[in-house]
């Protein structure tokens, strides 16, 4: 249930993040997504009950979806043609490797500490990534390319 809770949040989050990033830009939403992921990871580490852990995992998934969608949009904004294909391939490879490597990394953490340390480590990674994005990632969506949020477009995105 812990993994399913995360995946549920991840699936739901993807339905809305693209529309939000097209309307408000990539950088700010990426910062909020990473911040929310780090806070939700910390909440999971400190969860007083299993129910709280599941809720934290849903929220963690919602915010993780933001980062996933925005990375793809940012690559599309910054690169064209063959360069875009190469960067998109690298990005996809990283996103595919993460769920393969995560159990091994989690197990390594469990060898030295309790399960809560896994979520603490995720929170710490989130903080490091947040600082990197704040420092290194410019806004990639030009103001003239921003599109207002329309109810029909949100519903269309949810249907696909």
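The values are calculated or read from the model by the stated rules, or taken from the named source; none is laboratory data. Predicted model, so just to flag it, every value in this text is computed and none were measured. Glycine also receives a Cβ, built like all others from the backbone with ideal geometry; neighbour counts cover every protein chain displayed.
Observations on the structure shown:
- Those helices (runs of 4 or more DSSP H) lying entirely in the range 31-138 with at least 1 residues closer than 24 Å to residue 16 by Cβ, in contact with a helix residue (DSSP H, G or I) (Cβ under 6 Å, 6 or more places away or on another chain) and without any contact (Cβ under 8 Å) to a residue 24 or more places away in the chain: 50-78, 81-112
- Listed by first and then second residue, the pairs linking a residue in the range 144-160 that is within 20 Å of residue 12 (Cβ to Cβ) to a residue that is modelled with pLDDT of 75 or more and part of a loop (DSSP other than H, G, I, E, B), with Cβ atoms under 9 Å apart and 6 or more places separating them unless they lie on different chains, are 153/147.
- Criterion: at pLDDT 95 or above, under 14 Å from the mean Cα position of the chain (by Cα) and over 16 Å from residue 28 (Cβ atoms) - qualifying residue of 126, 120, 113: 126
- Residue, farthest from residue 16 (Cα to Cα), within the range 139-160, restricted to residues that are part of a helix (DSSP H, G or I) and touching a helix residue (DSSP H, G or I) at 6+ places or on another chain (Cβ under 9 Å): 145
- For the range 77-102, filtered to residues that are under 20 Å from residue 27 (Cβ atoms) and surrounded by 12 or more Cβ atoms within 10 Å (Cβ to Cβ), the residue that is modelled with the lowest pLDDT is 95.
- If you go through the range 15-30 and keep only what is part of a helix (DSSP H, G or I) and either within 23 Å of residue 132 (Cβ to Cβ) or modelled with pLDDT of 95 or more (or both), you end up with 17, 18, 20, 21, 24, 27, 28, 29, 30.
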